[in-house]
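Report on the following structure.
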Amino acid sequence: MALSLDIITLGTAHPQTANSFYKAAFSPTTTGDGLDLHGTGRLTFRPIGELAGEAGTDPATSGFRGYVLSAVVNQPDEVEALLDLATANGATVVRPAKKKLFGEFTAVYRAPDGALWKLAAATKKNTRPVPDPIAPSETAIYLGVTKPTAAKTFYEALGMRVERDYGDTFIDFTIAPGVCRLGLLPRKALAKDAGVDAHGDGFSAAVLTHTAASRDDLDSLLKAADAAGGTIARPATRTDEGDHVALFTDPDGFHWKITAPA
């Protein structure tokens, strides 16, 4: 039993528009359940009211949603190229592409659906032509939490393994091929890094999904989440298609969905 971040579902007023934007911004592969970001994770899109209703919360949202999505590419030119693709298709630049204090080359934009994306280069210099398409080597979602060490304890109880631990400054977890990385930062620090105000409330407009191998694994994860301080938003139920679904929130209020085959 171990939680992994298999799918990120974004709530938006216009799912088809969001789908078109991300296809243009990342050239992903279309799958039966959304977009595959070159083997580094999957995105799906739902009407925000529908997504909030499934999660058992009000769809109203304002200000900073408490998370930042991230794509890591090989070199600075690729950050600039992805930023150009995003803005050409309706994104708004929040932080222009540039080298930061300690040499990291990054940019931040707000997608048309409202999600914040940080683009980062894994290396400091351009050593090759920009590929087409540009394939991220990693995608991630960073959650702005009250205290990263406390949030770490919760996720470790669900089987996640820490990769980098800088206490209440920054923590992230190991990833496997095909899934997104999960990271934890203090909310104010995350907002500052993205270049936005930390104030905001309401629905995050995102649900993180784990696909369990079986109903038994689903039940074990749900029990662990409850025991570790999470809140069960929807007990395990069977869908019309025969699959099993449950939802919970972590101690900071971020929404998770667990699915399992019939």
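The values are calculated or read from the model by the stated rules, or taken from the named source; none is laboratory data. All values reported here derive from a predicted model rather than from experimental measurement. Neighbour counts run over all protein chains shown; Cβ positions are idealised from the backbone, glycine included. All accessible areas refer to the heavy atoms of the entire protein, side chains included, with ligands and DNA or RNA removed. Shrake-Rupley method; radii C 1.70, N 1.55, O 1.52, S 1.80 Å.
A compact table of results
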{"read-out": "Semi-axes of the equivalent ellipsoid for the stretch 1-42, Cα gyration tensor, largest first, Å", "value": "20, 13, 8"}
{"read-out": "Cα-projected label distance for T17 with E104, points at 7 Å along beta-carbon direction, nm", "value": "3.1"}
{"read-out": "The chain - mean residue ellipticity at 222 nm from DSSP helices (-39,500 (n - 2.57) per run, n ≥ 4, rounded to 500)", "value": "-7500 deg cm²/dmol"}
{"read-out": "Residue with peak Gaussian network fluctuation, the chain [Cα springs, cutoff 10 Å], from D240, D165, D216", "value": "D240"}
{"read-out": "Kirkwood hydrodynamic radius of the stretch 157-218, from inverse mean 1/r over distinct Cα pairs, in Å", "value": "14.3"}
{"read-out": "Rounded to 10°, Cα long-axis angle of helix 15-26 versus longest principal axis of the chain", "value": "50"}
{"read-out": "Cα long-axis angle, helix 148-157 against the chain (0 to 90 degrees, to the nearest 10)", "value": "50"}
{"read-out": "The stretch 126-262 - share of DSSP beta bridges that are antiparallel (%, nearest 5)", "value": "60"}
{"read-out": "Rg(Cα) / (2.2 N^0.38 Å) computed for the stretch 1-136, rounded to two decimals", "value": "1.09"}
{"read-out": "Of all accessible heavy-atom area on the stretch 137-228, the percent that carbon and sulfur account for (1.4 Å)", "value": "51"}
{"read-out": "The chain - share of DSSP beta bridges that are antiparallel (%, nearest 5)", "value": "65"}
{"read-out": "Residues of type lysines that K124 reaches as a straight line, Cα spacing below 29 Å, ignoring anything fewer than 8 places off in the same chain", "value": "K23, K98, K99, K100, K188, K192"}
{"read-out": "Reference-scaled alpha-carbon Rg (2.2 N^0.38 Å with N residues) for the stretch 138-262", "value": "1.09"}
{"read-out": "Listed residues D77, D58, D252, most fluctuating in the chain (Gaussian network, C-alpha, under 10 Å)", "value": "D58"}
{"read-out": "Distribution of pairwise C-alpha distances over the chain, 10 Å bins, in %", "value": "7, 31, 39, 19, 4, 0"}
{"read-out": "Of all accessible heavy-atom area on the stretch 24-124, the percent that carbon and sulfur account for (1.4 Å)", "value": "52"}
{"read-out": "Rg ratio (alpha-carbon, reference 2.2 N^0.38 Å) - the stretch 50-129", "value": "1.30"}
{"read-out": "Test item: Cα-centred dipole of the chain, Lys/Arg +1 and Asp/Glu -1 on Cβ, debye", "value": "840"}
{"read-out": "Summed side-chain charge close to D165 - residues other than D165 whose Cβ falls under 11 Å, Lys, Arg +1, Asp, Glu -1", "value": "-1"}
{"read-out": "Gaussian network model of the chain, springs between alpha carbon atoms under 10 Å - residue of G144, G11, G56 with greatest fluctuation", "value": "G56"}
{"read-out": "Mean accessible surface per residue for the chain, computed with a 1.4 Å probe while every protein chain stays in place, in Å²", "value": "45"}
{"read-out": "Additional length obtainable on full extension of the chain from D243 to V93, 0.36 nm per residue less Cα span", "value": "50.0 nm"}
